[in-house]
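Q: Structure incoming, see below.
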Amino acid sequence: MDAKPLPIGKIMSERQRFIVPIYQRTYTWTIREQLDPFFFQMRDKAVEFLTTGKVAFSHYMGALLLIPEGSPVFGKIQVFNVVDGQQRLSTFHLCFAALRDIARDYNFPDIAKNISDLILHSAEVPMEAPEIERYKLEPTAYDRELFRDIIDLSWQDLMAKYPDHFYRNGNLKNTTPKPLAAFWHFWKLAEEFMISVDNDDDVEVTDEYKRRRLLALSTVLFEHFRLIVITLDKDDDAQVIFQTLNSGGKPLAAMDLVRNDLFHRAIKRGENQDHLMKKHWITFEQEFWKQEQTQGRIKKPRIDFFLSHVLAAEQGTIISLGELYSEYKSFVARSAFENTTAEMETLTKYVPTYKALIEPPAVGPLARLARRLNTFDVSTAYPLIFVIGSSNADDAQKERLYDLVASYVIRRALCSLNPKNYNKVFVDVAAYLRTNGVGVAQLAAAFGQKTGDTGRFPTDEELATAIKINPQYTNLPQNRLRLILEEIEFASRDKFNVDGTLQSGLSIEHVLPQGWEREWPLEDGRLVGSVTSVPFDEMTRTLIENRKTFVHRLGNLTLLTPPANSSANNAAFATKRVRLSDSLLKMNVSIADESYWTETSIDRRAERLIPLALKLWPSVILPQLS
């Protein structure tokens, strides 16, 4: 291994090509996090150079890890594979390309020619395949065509070829691929620097002034930005060095490390990496996987959470998100895959299920499950869903299992049972199903082993009691309670009711309002005015306290549009009945049919809701314990 600090100009002016392997990340640098800090450093050094004629200190941009493709051959271009540093190297090429095009636009042909020789081999250089070898940098396959077009085409030609990335006024859209966004950002910043004045002096911005400032930018980037270039020998372990270089600073996503490790092992085995990429890994290069998500207090790219769910599903154990790459290495070592294809198939087989959970289709069993789990924020169930979804169970069986998983979550929420142990519960159940087969009986047996409050499946009796007496309005977040009431509404309908979706934005309404005192008499017929009024006799105080326990129960809750909710508010039941009747919701019809609404009415409605709830959120038939 040979390591030396080299100026960017030295690296890019040589007769050599840098190949980014197919398994490397696409270009990911963003304006705020990387491009602006880089350019502002370059700008400050350019100002220093213009002011003093020199730059005191060079700026180091990190490491460039290279593996030569064979030994140098006289008369041929030396080729290096880029193991690490492709983001930096691509950024330098994009920046120089922007500076070159500015030089062309402002008619500085000498500057344009000098810069062009840094990013392209001139026609005088001997090349076996000029259409490929002329480019000094060969990005990963996904960026390659766009990168070459940035180097070769004018801005007008880029707009013509990629119209979907531009607004009509020529500005770039937010969805523009990052290489094109970087190129245009460098162009704008460099042009702005070229025509700007650094102080308050009365300076005429002539062509020569612009030329000197553009040359200063180009010079400092060429001479005073450096990389530590590490060239590996054939016996060096590139993956170990890659991981060491990336152990500090902003960490790579665990899946980036997995990808590099996986393809390095494939290369050592002599497997076709192009085939592996195009047949299997290509699905993970979609933008879908790069979106950041939050689980608890942890924020990571979506693909890392997916990997943790896969490992949990495969092993039936809780996975540490902080040690995700180590968890994967351990999994691979234990699994002893026959080849890399088998390893990749283990990852990709869960992709359809995961995508359906994250971006559910409009209808279907998995869509229904996704809506429920997302509302209750229970992604810890995903490993179990992976096991079910990838099994040989028929569609009807899977639908039944999905509904039971959702039922478990909703029943426990209604019964006020804590969800904090769900990660262990679901991986335990997933492990049981992997060992004993995927079916309703196996799911029942797995949940039957969970007998404590932290994991048990609530019985029908517990659910009925919770519907009758638990204060669901204060126990559950509004979005979860709304979902429960929406599902009750759909379950209430029959063939004579309008089918379809509910109006969005419905709000939760207390039939007996929270401020009931002035319009709603007690069960003995008396109005109490205000509960702060004194004195109350013992019987009245007992009736008031009893009523308070009924207000937030499920039997007293329904749905209305916000205007209807606001209109009904604390109004007497005679007024509220009209709003409920006008709502066209099936579950409100039975409420509006009541002559008056008291604690007895709430109990009566709770009794009507229980059969619907047992059908909506069924129980597993738990095995009898001997």
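The values are calculated or read from the model by the stated rules, or taken from the named source; none is laboratory data. Not measured: the values here are computed from a predicted model. All Cβ positions, glycine included, derive from the backbone under ideal geometry; neighbour counts span all protein chains shown. Quick note on the areas: whole protein, heavy atoms, side chains included, nothing else; ligands and nucleic acids left out. Shrake-Rupley method; radii C 1.70, N 1.55, O 1.52, S 1.80 Å.
Q: Using modelled amide H (1.01 Å from N, peptide plane; none on Pro or chain starts), what sits under 5 Å from the amide H of F166, excluding residues fewer than 5 places away?
A: Under 5 Å from the amide H of F166: K173.
Q: Another question about this same structure. Counting pairs of Cα atoms in segment 130-176, how many percent are more than 11 Å apart?
A: 71 percent
Q: Right, something else. May I ask what percent, to the nearest 5, of DSSP beta bridges between residues of the chain are antiparallel? Walk me through the numbers before you get to the answer.
A: Values: 20 of 32 bridges.
The antiparallel proportion sits near 60 percent.
Q: With everything on Cα atoms, drop me the angle between helix 573-582 and the longest principal axis of the chain, reported from 0 to 90° to the nearest 10.
A: Compared with the principal axis, the helix lies near 50 degrees.
Q: How would you order 512-524, 463-475, 289-301 from highest to lowest mean count of nearby Cβ atoms within 10 Å? Intermediate results must be reported in sequence, preceding the final value.
A: On the way: 512-524: 16.2, 463-475: 17.8, 289-301: 13.1.
Descending packing order for the listed peptides: 463-475, 512-524, 289-301.
Q: Mind listing the Cα extents of segment 377-451 along all three principal axes, in Å, largest one first?
A: In descending order, the Cα extents are 34, 21, 20 Å.
Q: Take the Cα atoms of segment 57-183, find their three principal axes, and give me the spread along each one in whole Å, biggest first.
A: In descending order, the Cα extents are 50, 38, 30 Å.
Q: Something else now. Kindly rank 607-613, 159-165, 304-310, 68-74 from highest to lowest mean number of other beta carbons found within 10 Å of each residue.
A: 304-310, 607-613, 159-165, 68-74
Q: Write down the Å³ per residue value for the convex hull defined by the alpha carbon atoms of segment 341-430.
A: So the per-residue hull volume is 102 Å³.
Q: I've got another one for you. Give me the net charge of M127's neighbourhood, meaning all other residues with Cβ under 12 Å from the Cβ of M127; Lys, Arg count +1, Asp, Glu -1.
A: That works out to +1.
Q: Over the Cα atoms, compute the radius of gyration (one decimal) and Dmax (the largest Cα-Cα distance, rounded to a whole number) for segment 351-499, in Å.
A: Looking at segment 351-499, its Cα Rg and Dmax stand at 15.5, 46 Å.
Q: Right, here's the next one. In degrees between 0 and 90, to the nearest 10, how far off the longest principal axis of the chain does helix 422-436 point, with axes built from Cα atoms?
A: 90 degrees
Q: Still on this model: Give me the distance between the Cα centres of segment 317-387 and segment 72-150, rounded to whole Å.
A: Result: 40 Å between the Cα centres.
Q: What per residue convex hull volume, in Å³, do the alpha-carbon atoms of the chain yield?
A: Here the figure is 243 Å³ per residue.
Q: A further question follows. Checking the cross-link filter: which lysines have an alpha carbon closer than 26 Å to that of K4, excluding same-chain neighbours under 8 positions apart?
A: Within reach: K45, K54, K76, K136, K234, K250.
Q: Quick one: angle between helix 207-224 and the longest Cα principal axis of the chain, in degrees between 0 and 90, rounded to 10, please.
A: 80 degrees
Q: What are the ³J(HN,Hα) values, in whole Hz, obtained from phi via the Karplus relation 6.51 cos²θ - 1.76 cosθ + 1.60 with θ = phi - 60°, for each residue of segment 266-273 in sequence order, with x given for Gly and Pro?
A: 5, 5, 4, 7, x, 7, 7, 6
Q: Using all Cα-Cα distances in segment 327-374, what percent lands in each 5 angstrom bin from 0 up to the longest?
A: Calculated P(r), rounded to whole percents: 5, 18, 22, 14, 10, 12, 13, 5.
Q: Show that you can apply the helix-only estimate: for the chain, add -39,500 (n - 2.57) for every DSSP H stretch of four or more residues, divide by all residues, and state [θ] at 222 nm to the nearest 500.
A: Mean residue ellipticity at 222 nm (helix-derived): -16500 deg cm²/dmol.
Q: What is the sum of charges, Lys and Arg at +1 and Asp and Glu at -1, for the other residues whose Cβ falls under 11 Å from the Cβ of H510?
A: Around H510, the surrounding residues sum to +1.
Q: Roughly how many percent of the accessible protein surface of the chain is carbon and sulfur, given a 1.4 Å probe and a whole-percent answer?
A: The C+S portion of the solvent-accessible surface of the chain is 51 percent.
Q: Quick one: which residues, 5+ away or cross-chain, put their amide H under 5 Å from the amide H of G62? H built at 1.01 Å from N.
A: I228
Q: Report, ordered by chain and residue number, the lysines lying within cross-link reach of K279, taken as a straight Cα distance under 23 Å and ignoring same-chain residues fewer than 8 apart.
A: Filter leaves K268, K290, K329, K349, K355.
Q: What are the extents of the Cα atoms of segment 413-455 along their three principal axes, listed from largest to smallest and rounded to whole Å?
A: 31, 17, 15
Q: Here is a further query. Probe of 1.4 angstrom, ligands and nucleic acids ignored: what's the accessible area per residue over the chain, in square angstrom?
A: On a per-residue basis, 48 Å².
Q: Can I ask one more? Can you tell me which of 421-427, 269-275, 102-108 comes out highest on packing, and rank the rest after it, using the mean Cβ neighbours within 10 Å?
A: Highest to lowest by the protection proxy: 421-427, 102-108, 269-275.
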